[in-house]
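Below: one structure, written as structure tokens.
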Amino acid sequence: MTQPSDPLLQDLLDTLGEEVVFNGDRIPGKARSDESRTGHAMPLIYLRPRTVAEVSEALRLCNAARWPVTIQGGMTGLAGGANPEAGDVALSLDRLAGVEEIDRDAGAITVWAGTVLETAQKAAEEAGFLLPIDLGARGSCQIGGNLANNAGGVRVISHGVTRDNVLGLEAVLADGTVISSLNKMQKNNTGYDLKQLFIGSEGTLGVITRAVLKLKPLGEGRETCLCAVDNYESAVSLLHAARKGMAGLSAYEVMWRVFFEFSSKAEGLRFFEETPPFVVLIEQTSAASIEAFLETAFEQELISDAVIAQSEKQRLDFWKVREGYALDHLPDLMNYDVSLPIGDLDAYSKAVTDEMLAAYPQAHVSVFGHMGDSNIHLCISVGKADEADHHAVDAIVYDHVRLYRGAVSAEHGVGRLKRAYLGHSRSPEEIALMRRIKAALDPNGILNPGRVLPAEG
Ligand SMILES: Cc1cc2nc3c(=O)[nH]c(=O)nc-3n(C[C@H](O)[C@H](O)[C@H](O)COP(=O)(O)OP(=O)(O)OC[C@H]3O[C@@H](n4cnc5c(N)ncnc54)[C@H](O)[C@@H]3O)c2cc1C
């Protein structure tokens, strides 16, 4: 790709002005990379539109010039999707922010795409509602990024993924056409559900500018516990028992022994005499007590020990261990985010660990995950790693995903980092159909090129 012609920069400046169009030293360093820290190039032009009309004008001009556009939200993504190529136009949604409306009757909140998730959560809470979308990056990620990535997070077990919490959406196509479908109704069967095309498309089909999200009642209480579990079968049975017997089950997070031991030691926290093979963090938000449920689980020998958080500090300590931030200090940590049928999660983890330790005897391999959502995260470090090591580890992790008919991404998206492995989880026919949809909506291929779909040929 050559440098953008002066005419494009001039057209953008003439149409949108210097307050929206940035180049050279005026481009902020954060435009280089998302949280995967794999972006190394700065965009040539950086746009900060303030209105949908400005987004539309910007795309119309870039499309006419056939110029690649990288869409940037809160830059917390972990798949390299928001990382520009040198020479790209980067379009940031950060100024298109704020809560437009909370409709109590409809149980719906209308927000601009650049709104930080936590801001929208707080606005909902002040109005007496729960905005169910929630993830660790809530303080920086944006609603538009959450939708573009169909984010998962910690409330999926009770409220589904982001896609399940969207009523309406507005997006701008590559040619500047605005598709405004700000539906507030729970039911609407009038033709294709177009919003679902944009949700999870990782910015390859359109720029999301606004969304109508579902609001739910706030929980009446909160209790959190850690359960020691002796084997995987019991962890699965405990999940089913919690789903059946716990009114407000809101989190069911499983930590395999290596992960729990590493993370709790690093945080200087100790909850059990001996580290059990599995530790399950359960949270519920009903007014009922968790104790009766745990007593039954003991009697049925599903758990061998349990600790109920006695204070907010202890609850946060449980979550600190589960977040596993200490693992980030392992050299060249590789994070994987895969989905498999729940019954196969442990066998898969064992198979990957065995092959990893055969190839790299010094490797750290630990596992935790949102088990109720059939999603686990693998944290792998082989020490200082070069490109060949990254490829070798990717191949081990993803080849086993293919064997188990799983998904190479459960929630972080495909982005740039997993596009070569899309064929491990999707058939050639599915990928061909994705290409046809992409060509129909973005015939010049200007929106987030080099993401999601594998390279052709
Ligand atoms: C500490 C931490 C915890 C995390 N926990 C979770 C988790 O539990 N679950 C989970 O799913 N993810 C998690 N993530 C990953 C990340 O936060 C999510 O993917 C989030 O949804 C990305 O939002 P963002 O605004 O930062 O998007 P960005 O990183 O800016 O962009 C992500 C992708 O979306 C595109 N995009 C952004 N905005 C728009 C828009 N308005 N229109 C069209 N395309 C757009 C970008 O081009 C890019 O391809 C975590 C990340 C961190 C750092």
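On a per residue basis, the range 151-265 carries 42 Å² of accessible surface, using protein heavy atoms and a 1.4 Å probe. Translational diffusion of the range 6-92, estimated by Stokes-Einstein from the Kirkwood radius over alpha carbon pairs at 20 °C in a medium of 1.002 mPa s, is 166 µm² per second. Sequence-ordered 3J(HN,Hα) estimates for the range 146-152 from the Karplus curve with 6.51, -1.76 and 1.60 and θ = phi - 60° stand at 4, 5, 4, 9, 6, 4, x Hz, glycine and proline given as x. Note on the range 198-343: dipole from Cβ charges, positive end direction compared against A292, I308, G221; the farthest Cα belongs to G221.
P(r) tail, the chain: Cα-Cα pairs separated by more than 41 Å, 20% of all pairs. Note on the range 1-51: with charges restricted to the Cβ of Lys and Arg (+1) and Asp and Glu (-1), its dipole about the Cα centre is near 280 debye. Considering only C-alpha atoms, what is the centroid distance from the range 332-374 to the range 140-189, in Å? That distance is 30 Å. Before anything else, pin down the relative contact order of the range 6-92: Cα pairs under 8 Å, at least 6 apart, normalised by residue count, whole percent. Worked out over the range 6-92, it gives 38 percent.
Across the range 58-64, rounded Karplus estimates of 3J(HN,Hα) from the backbone phi angles (6.51 cos²θ - 1.76 cosθ + 1.60, θ = phi - 60°) give 4, 5, 4, 5, 5, 5, 4 Hz, Gly and Pro being marked x.
At 222 nm, what helix-only mean residue ellipticity would the chain give, in deg cm²/dmol to the nearest 500, using -39500 (n - 2.57) for each DSSP H run of four or more?
-9000 deg cm²/dmol
Think of the chain as a dipole: +1 on every Lys or Arg Cβ, -1 on every Asp or Glu Cβ, centred on the Cα centre; then among G145, F260, W67, W67 lies furthest on the positive end.
The charge dipole of the chain, taken about its Cα centre with unit charges on the Cβ atoms of Lys, Arg (+1), Asp and Glu (-1) only, comes to about 900 debye.
Of all accessible surface on the chain at a 1.4 Å probe, what whole percent is carbon and sulfur? Carbon and sulfur together cover 50 percent of it. Listed cross-link partners K184/K216; K187/K214; K30/K438; K187/K216; K184/K214; K187/K244 are compared with a 18 Å cut-off, the Cα-Cα value being larger for K30/K438; K187/K244.
Across the range 223-325, Cα pairs under 8 Å and at least six residues apart give a relative contact order of 47 percent. Taking Cβ atoms as reference points and 10 Å as the exclusive limit, the residues near L16 contribute a net charge of -4, counting Lys and Arg as +1 and Asp and Glu as -1.
Structural descriptor for the chain: relative contact order 15 percent, calculated from alpha carbon pairs under 8 angstrom and at least 6 residues apart.
Shown is the FRET efficiency for L13 and E301, computed with R0 = 45 Å from the Cβ-Cβ distance and rounded to the nearest 0.05: 0.05.
Taking the longest Cα principal axis of the chain as reference, the axis of helix 257-266 is set at about 80 degrees. What is the distance in Å between the Cα centroid of the range 389-410 and that of the range 208-279? Their Cα centres are 25 Å away from one another. Counting 0.36 nm for each residue step from N444 to L316 and taking away their Cα separation leaves a gain of 41.3 nm. Remark on G415: its backbone amide H falls under 5 Å from those of V452, a criterion applied only to residues 5 or more positions apart or on other chains, H modelled at 1.01 Å from N.
Computed from the Cβ-Cβ distance with R0 of 35 Å, the FRET efficiency linking S180 to S286 stands at 0.35. By how many degrees, between 0 and 90 and to the nearest 10, does the Cα long axis of helix 6-16 differ from the longest principal axis of the chain? Rounded to the nearest ten degrees, it is 80.
The values are calculated or read from the model by the stated rules, or taken from the named source; none is laboratory data. Given the structure is predicted, the values throughout are model-derived calculations rather than measurements. Virtual Cβ from ideal backbone geometry, glycine too; neighbours counted across all protein chains shown. What goes into the accessible areas is simple: the full protein's heavy atoms, side chains included, and nothing from ligands, DNA or RNA. Shrake-Rupley method; radii C 1.70, N 1.55, O 1.52, S 1.80 Å.
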